[in-house]
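All of the numbers you see were taken from the coordinates with simple rules; none came from a lab. All figures in this text were calculated on a predicted structure; none of them were measured in a lab. Please note: Cβ atoms are built from the backbone with ideal geometry, for glycine as well, and neighbour counts cover all protein chains shown.
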Amino acid sequence: MTDVSLSDALARLDARLAVLLPPQYRERYQDMTPVPMRSAPFVYDDGGQVAWDRMWQGFCDLAMAGGPPHKGRWLAPGTAAEVAAAPDRFDEVVTEIRRGIALATGLDARPSEAPGWVPVACHGEAMAEWMTRAIVMENVAARRGRIHVSLPAAPAFRVEKEIRNVITVVSKTSHYWVDHMPYSQQAAIRALFHELSLEGVVVPPVADVTTLDPAAAVALVQAFAAQGELAAAPSVTPGWVGVPCAGVEPAIWMMRALVASNVLARREETTLLVPVNPAVDPGGTMVAGRVARVQALARHAGRA
């Protein structure tokens, strides 16, 4: 690509990010520092249950904007076998997640419709898609329905750890959508998602991880190798391939650029993680090509 075409592509990318990000980030997202807040202390009601509606006075910056991801490592749903082995405990986890989300956000978290997942009703399709992208960037599994986003659950989830993680990330992302996005911007996001849908989106696989074929990750790594200069390797987390970056800031820049380019990426420290989804990207050529393009844009912008 020529410098002129790279500059034009970079301007289009910036325009998309300006639509996706809450207004307070538009002038400063390039220079955000991923510094986490201290965890809020647990608060309990008179009955001894966690008072999820009284836990937070504020939230860390969105990972989408360059803030710290809520989780350092991927929080995945339980497998069908894990749920089948402890159905009563799974029901307890889902009940607490539903209760917490209802208290903290007012959103309707519904009974589990599939092993490992808790669907949360959103205020329309655009909110569901935006939250799905934002939550994946927080390193928490999310899959989108038409007007709901499903969050992970497993029998091994603990109130003070994983259950709290799920409730916090829903509270954080819905807070930014509902309280920081004016209706005019939500309409612009809806129009952008329609535009993006014409380009093809690559999302993390939503199948049980035990059914994922490791050969698909190998194929994506080979697609990266065909680009000539991209190093990549299968992640220890099934369904993902890792691309090492020169530092945290380049990883953030490329993650954000990829999400605006319809690849639901995330990062763990200085590693960019991209999804393996042979159902929508056989052979990984779409993901590898978009990562190569974004890397070229990062170099042009001085962000590589």
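The figures follow:
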item: Nonlocal amide H pairs with V140, under 5 Å, H built at 1.01 Å; result: L75
item: Amide proton proximity set for W117, modelled H, under 5 Å, gap of 5+; result: A153
item: Computed over the chain, Kirkwood Rh from alpha-carbon pairs, angstrom; result: 19.7
item: The range 162-209 shape via C-alpha gyration tensor axes, a/c threshold 1.5; result: oblate
item: Lys, Arg +1 and Asp, Glu -1 on Cβ, resulting dipole of the chain about Cα centre, debye, nearest 20; result: 360
item: Estimated FRET transfer efficiency when R0 is 45 angstrom, pair A86-Y183 (beta carbons, to 0.05); result: 0.55
item: The chain: angle of helix 285-300 to the longest principal axis, Cα-based, in degrees nearest 10; result: 70
item: CD proxy at 222 nm, helix term only [per DSSP H run n ≥ 4: -39500 (n - 2.57); per residue of the chain; nearest 500]; result: -14000 deg cm²/dmol
item: Pair A215, L6: separation of 7 Å Cα→Cβ label points (nm); result: 3.8
item: Amide proton proximity set for A51, modelled H, under 5 Å, gap of 5+; result: V43, Y44, D45
